[in-house]
Amino acid sequence: MSKIEESVEVAVPLRTVYDQWTQFEEFPQFMDGVQRIEQRTSTLMHWVTKVDGVEREFDAEVTEQIPDERVAWATVAGEVRQAGVVTFHRLGDTHTKVMLQLDHDPQGIADTVADKLGFVRRQAKSDLKNFKEFIESRGTATGTWRGTA
């Protein structure tokens, strides 16, 4: 199992950053390899990914959600095994730190090799950078979800 920790500072207010992160169906706009996310309930999402030509599908459930503080999840079915949490930290009126902690359990030889070569860590870092660029260029969230789980 790999433990990944990455963070990024975003020049956008905390509420806006949190609100955008809760728009799970928008993740393909800034996460490489994510083709589609279907939000099936307030806590259950179906993911379709394609990385290096390999398509995978899995379900992930939000296990904890506290507005403006954290979103935690774990996969519950499918070809990917992971759990994680994203926390949001106010650095000022217009700046927020986004911290990702991810536990990833590679499945099969190809995943294990990719993980050992640092692919998952680099992907997580790239996705956070892309999120930063996405939300900073917009300045506003594409939607909001203030519910808890």
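The values are calculated or read from the model by the stated rules, or taken from the named source; none is laboratory data. Note that this is a predicted model, so its numbers are computed, not measured. Positions of Cβ are generated from backbone atoms using ideal geometry, with glycine treated the same way; all protein chains shown enter the neighbour counts. With ligands, DNA and RNA removed, areas are computed over all heavy atoms of the protein, side chains included. Shrake-Rupley method; radii C 1.70, N 1.55, O 1.52, S 1.80 Å.
Per residue, the accessible area of the chain comes to 52 Å², computed with a 1.4 Å probe over protein heavy atoms only. Derived scalar couplings between HN and Hα for the range 56-62 equal 9, 10, 7, 10, 10, 10, 6 Hz in order, rounded to whole Hz, by the Karplus curve 6.51 cos²θ - 1.76 cosθ + 1.60 (θ = phi - 60°), x for Gly and Pro. Given a 1.4 Å probe and every protein chain left where it sits, what share in percent of the accessible area of the range 4-136 is carbon and sulfur? Carbon and sulfur: 48 percent of the exposed surface of the range 4-136. What net charge do the residues around Ala74 carry, taking every other residue with its C-beta under 12 Å from that of Ala74, with Lys and Arg at +1 and Asp and Glu at -1? Taking every Cβ under 12 Å from that of Ala74, the sum is -4.
Shape class of the range 35-133 from the alpha-carbon gyration tensor: oblate, with a/c at 1.5 or above and b/c at least as large as a/b. Dipole magnitude for the chain: computed about the Cα centre from +1 point charges on Lys and Arg Cβ and -1 point charges on Asp and Glu Cβ, it is near 280 debye. Approximating the spin labels as points 7 Å out from Cα along Cα→Cβ, the Ala77-to-Ser7 distance works out to 3.7 nm.
Here the Gaussian network model covers the chain, with springs between Cα atoms less than 10 Å apart; of Arg122, Arg15, Arg138, Arg138 fluctuates the most.
Taken one residue at a time, the phi angles of the range 10-23 give Karplus couplings (6.51, -1.76, 1.60, θ = phi - 60°) of 10, 8, 8, x, 3, 4, 5, 4, 4, 4, 5, 4, 7, 8 Hz. Gly and Pro are set to x.
Inter-label distance, Gln107 to Gln35: 1.5 nm, where each label sits 7 Å from its Cα along the C-beta direction. Under 5 Å from the amide H of Val54 lies no amide H of any residue 5 or more positions distant or on a separate chain, with H modelled from the backbone and absent for Pro and chain starts.
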